[in-house]
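Novice: I have a structure here, written as structure tokens, and I will follow up with some questions on it.
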Amino acid sequence: MTTQKGLEKWKAKQWFDVQTPAVLGNEVIGSVPAADEKAVTGRIMKVSLAWVTHDPSHSFYTTGLRIINAANGKADTEVAYLESQFSYLRSLVKRHSDAVYTYDKLKSKDGSEAVVKLLITTRNKVPYSKTHAIRVAVSTLLKEHFAKHTKDEIIKGLLNGEIRKDAIEILNKIAPISKFEIKRVEFSRKIA
């Protein structure tokens, strides 16, 4: 049984409604308890992206929403990361094809830093020179895209497939591409 002291401590907690950032629609996605505003700031809520965007094509993705500000029973968030489920990524790599993994540290137009990890699969086996060319082309494309856009515009571009479309168009000139998927995109923490 809960002791009276523990029960009083629990009843003293405040509940904060957690809102998604503007780029994801400013919707309340849940509530979290905390002793005060400072205790809730910095927490990361892991949520299915399809649940937030109401788009079934995002079913295999999750997002981490970091609480950056809490006041008056509301908690504002920012996107901490976007990632694909491991089981989904694993299903993409087929026999007689190649998987090309990329890793890039990038900076957006508004100064947000991000680590971008992607998985690109080819339709058939390709030599190492082509996998290297794919990595270089993706790295160049991402650097240019991040330099021209803010963090919110980049998130929109990742979610609506704009970056994927541009990349596949360029990469198909190097080798036939089957899939271009986000493995994980992690954004640096905002300092208030």
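Novice: Restricting attention to region 111-124, which residues are in contact with a strand residue (DSSP E or B) (Cβ under 8 Å, 6 or more places away or on another chain) and surrounded by fewer than 13 Cβ atoms within 10 Å (Cβ to Cβ)?
Specialist: Of all residues in region 111-124, those in contact with a strand residue (DSSP E or B) (Cβ under 8 Å, 6 or more places away or on another chain) come to 112-123.
Hits for region 111-124: nothing passes.
Novice: Also, I was wondering about something else. Just the residues that are at pLDDT 90 or above and more than 14 Å from the chain's Cα centre (by Cα), please, taken from region 73-96.
Specialist: Hits for region 73-96 are 74, 75, 76.
Novice: Could you please let me know if residue 138 is more than 29 Å from residue 18 (Cβ to Cβ) and at pLDDT 90 or above?
Specialist: Judged against the criteria, residue 138 is a match.
Novice: Inside region 10-38, can you point out the residues that are modelled with pLDDT under 85 and among the aromatic types (Phe, Trp, Tyr)?
Specialist: Selection gives 10 alone.
Novice: If we scan region 99-110, do we find a residue that is buried (at least 18 other Cβ atoms within 10 Å of the Cβ), under 28 Å from residue 157 (Cα atoms) and not assigned by TED's automatic domain parsing to the domain that holds residue 121?
Specialist: There is no residue in region 99-110 that is buried (at least 18 other Cβ atoms within 10 Å of the Cβ), under 28 Å from residue 157 (Cα atoms) and not assigned by TED's automatic domain parsing to the domain that holds residue 121.
Novice: Check region 39-61 and report whether any residue there is modelled with pLDDT under 90 and among the aromatic types (Phe, Trp, Tyr).
Specialist: No, region 39-61 contains no residue that is modelled with pLDDT under 90 and among the aromatic types (Phe, Trp, Tyr).
Novice: Please indicate, with yes or no, whether at least one residue in region 115-138 is of a type in the set (S, T, N, Q), over 17 Å from residue 167 (Cα atoms) and touching a helix residue (DSSP H, G or I) at 6+ places or on another chain (Cβ under 9 Å).
Specialist: No, region 115-138 contains no residue that is of a type in the set (S, T, N, Q), over 17 Å from residue 167 (Cα atoms) and touching a helix residue (DSSP H, G or I) at 6+ places or on another chain (Cβ under 9 Å).
Novice: Condition (residue is β-branched (Val, Ile, Thr) and without any contact (Cβ under 8 Å) to a residue 12 or more places away in the chain) applied to region 21-30: is it met by at least one residue?
Specialist: Scanning region 21-30 turns up at least one residue that is β-branched (Val, Ile, Thr) and without any contact (Cβ under 8 Å) to a residue 12 or more places away in the chain.
Novice: Just give me the residues in region 156-183 being touching a residue at least 60 places away in the same chain (Cβ under 8 Å) and in a helix (DSSP H, G or I), in sequence order.
Specialist: Those that are touching a residue at least 60 places away in the same chain (Cβ under 8 Å) and in a helix (DSSP H, G or I): 156, 158, 159.
The values are calculated or read from the model by the stated rules, or taken from the named source; none is laboratory data. Remember, predicted model here, so these are calculated numbers, not experimental data. We place every Cβ from the backbone using ideal geometry, glycine too, and count neighbours over all the protein chains shown.
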